[in-house]
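The values are calculated or read from the model by the stated rules, or taken from the named source; none is laboratory data. Computed from a predicted model, the values in this text were never measured in an experiment. For neighbour counting, all protein chains shown are included, and Cβ atoms are generated from backbone atoms with ideal geometry for every residue, glycine included. Just so you know, the surface numbers come from the protein's heavy atoms only, side chains and all, with ligands and any DNA or RNA stripped out. Shrake-Rupley method; radii C 1.70, N 1.55, O 1.52, S 1.80 Å.
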Amino acid sequence: MKILYSWLSDFLENPPPAQDLAAKLSRVGLKVEEVAKTGASFTGVCVGRIEKIDKHPNADKLALVDVNDGASVMRVVCGAKNIAVGQHIPFAKVGAMLAEGELKKAKIRGVDSEGMICSAAELGLAGYDNSGILVLPPESPLGADAMTLFPRADWALEVEMLPNQGYCLSHYALARELCLFYGLKLKEAAVDASEARGESVPVEIAAPDLCPRYGAIVLKGVKGAKTPEWMAARLRAMGSNPKGNLLIDGSNYVMYELGQPTHCFDVAKLAGPKIIVRRALPGETLKTLDNQDLKLDPGMLVIADAERPVALAGVMGGAGTAVSDGTDAILIESARFNPPTVRQSAKATGIKSESSYRFERGTDPELPIKAARRLAGLILQAAPGARVEQITDNCPVKYQSPVIDVDPARVNAILGTGIVDGEIYACLKAFQPALKDAKPWKFSVPSYRQDIEMLNDVAEEVARYVGYDVIPSVSRMPMLPTTATPQWTASAELKTGLAALGFSEAYNYDFVSAKELKACGLDPAAALEVKNPLSSDFQYMRPTLLAGLLKTLRYNLNRGRESVLLFECGTAYARKDAGKAEEVICAGLMYGEFPEGGSWTGGGSKAGFYHLKGVMARLFAGRGGFRFEKPKKAPAYFQPGLCLEMRLGAGCAGYAGKLSRAAATASDLKDDEVYYFEIPLTCLAQAGKVEFWQKIAKVKPVSAFPQNWRDLSIVLEERHEWGELERAFSGVQDLASARLVDVYKGKNIPAGQRSLTIRFTFSSMTGTLNDAEVGLRMTSVLDKLAKNFGAKLRA
């Protein structure tokens, strides 16, 4: 939020220097992001008048302009397109100090320029159109110092406001904070004290649970009320564009000043005239001030007249009752609305306004009438013929200030401090001057501090008051023994292993869009949908980590990376019966050169299917029962025929393979050479060993006798997978290993069949095997292959 030093000073006696404000606000928990000087700070600029415009002899886009400064006529070179004879303009003479420094005499395309016609930006002025020169009002006195036409130099502070700091969303509120914590004296805003007994516009609250208070002031004779220049200048400095109509600009001014949003209705356009605060009815619509046609959901809180909704409560007014230059009678609305209701309306309609921003965070329940009177007073000053016809304060639900028992010992226990009782009492008394010094202190929470609900909140205010630096940076909490869960252990082992293999860890949101799900070949209807997503990009809970990793891959490739190895450990979400299921998954992908940077001996290659398979084998090394199998049903984002299911004992340990071409194309990747894996941690956790001694590899004796190996070439049908054959070899006596060394299809091999060459290695713990013994074992192997798979010895 932007804060003007001059405006803040209106509410402080003896305000501190602007340069000290940032430190003072930061000390009480308000982060000042920027302090900048604003307003007119130039010198040597006067009001000039354009007398004559000629074409530049050497440049088509430049002009020679004769400028009269009241004493003489000087010629300048100008490139602006909006110049015209007779205009009053800010004219900077040679030697003038502008926003970017001193103006010096210059020769532009061969012609001397004796000065410069300035734009708002060159004068350092904010809130003006900078597409051309700044045109001054025609009544500006010729030759006068241009500094007198603009606001004086000021300081603007950009203060970050957290969601729980709604009590600071105005100049008055920040001044109040400074007074509380630094002992300054607060000055109140001037409010109108008029009285009126009539009720020309009745106010009815049909939903007191959503609108506990509604203030209304009716003014007549306001036609032609113009925004004074001092107010317009402050609004411009705040980043708001003044409309020139005080009925509009005054509402914004009071909101920035006091923090209470207000709204003006044209009474002549109200049916009845009458105001009803109620819930929207089925089928009702509203055209807003920004010309949006809204379909109102039943339950939304609206301000209605006798016939129709005229405003969406706390969010935006309706176009049908908007004020204009011809408006003569207005109703000033200043109310308190239920924060969740305003937030739901703003989210449902997609409208974010300064008003909803404040109502969502909660406004002071005692402020509505004060803010309405403040706005009424500003209008009465600008329109002398205006008069107050009605003042209504409809308050069906009276605000009750909560009272908290404050024990200083308990405050110190919460903060871990030894603050003396007197300092704690002084803090509470700053909030509540009438507080009695009888323990426990009965602290009545101020109406503007809706965030203080319990003793812990009071303790936080005490810490702000005495300074956070008094809290020692030590913990008195005893250290408790911890144990690692099997799932955490599995995650840590995978992360360590992948990092050692050159992978980088990524962190992505748990939310994805419908487009990203479709790119992965998944149906958005099968995913868990978020009820109130921040945007369409975060509409669904991710059923896989692939979408986020592809986004990270694309981000890296777009910034010049040629090789990307990524992994992420996170939660995937799925529908289960009437609810949801969550599973922690470790997923990753490989793209480009592998290993990254190639080998120092040269001959590097791109990541491929067998690289990924090797990575998986390394991750699962030492885990008994790990194997690759052909998947019965692989996820849709894998390319058929290039995906393996990983098994660990009887459970599925995930999938690894090449990303489908469709998924790569839909993700805007140049090629589909992306290799992806995902490992559910549940399987690893269940198979993992908890105790340290269980993780130590057991020593296995090695035979002292030579090994013998034989190659066997067989022919069998193509439908049989190598994994099936491997399992058939179990039980063969003295078999140390069986490795596939060749696959052949072609000449002399029948159609639908293939030739496999397998190398068998035998080793005995009792002696050296002779040829006859090895032959018997090979005969046993061939018999098993023939019986189970119809294999024949290749001729």
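A few notes on this one:
- For region 43-149, the solvent-accessible area works out to 52 Å² per residue, with a probe of 1.4 Å and every protein chain left in place.
- Sulfur and carbon atoms: percent of accessible area, region 433-555 [1.4 Å]: 58
- Region 729-767 and region 215-250 have Cα centres lying 91 Å from one another.
- Which labelled figure in (1) -0.19, -0.93; (2) -0.34, -1.08; (3) -0.22, -0.97 is log10 I(q)/I(0) by the Debye sum over Cα atoms at q = 0.04, 0.09 Å⁻¹, once derived from the coordinates: (2)
- Loop chymotrypsin sites (Phe, Trp or Tyr not before Pro), region 519-612 (other Cβ atoms within 10 Å of the site Cβ: 10 or fewer; DSSP): Trp600
- As a fraction of the 1.4 Å probe accessible area of region 708-793, surface on carbon and sulfur atoms comes out at 48 percent.
- Computed over the chain: relative contact order in percent, which uses C-alpha pairs under 8 Å that are six or more apart: 8
- Accessible area expressed per residue, region 667-795, with surrounding protein chains retained (probe 1.4 Å, Å²): 63
- Viscosity 1.567 mPa s, 4 °C: Kirkwood-radius Stokes-Einstein D of region 43-149 over Cα pairs, µm²/s: 95
- Computed with a 1.4 Å probe over protein heavy atoms only, the accessible surface of region 203-394 comes to 36 Å² per residue.
- Of the accessible area of region 224-320, computed with a 1.4 Å probe over protein heavy atoms only, carbon and sulfur atoms account for 51 percent.
- Helical contribution to [θ] at 222 nm, DSSP H n ≥ 4, -39,500 (n - 2.57), averaged over the chain, rounded to 500: -7500 deg cm²/dmol
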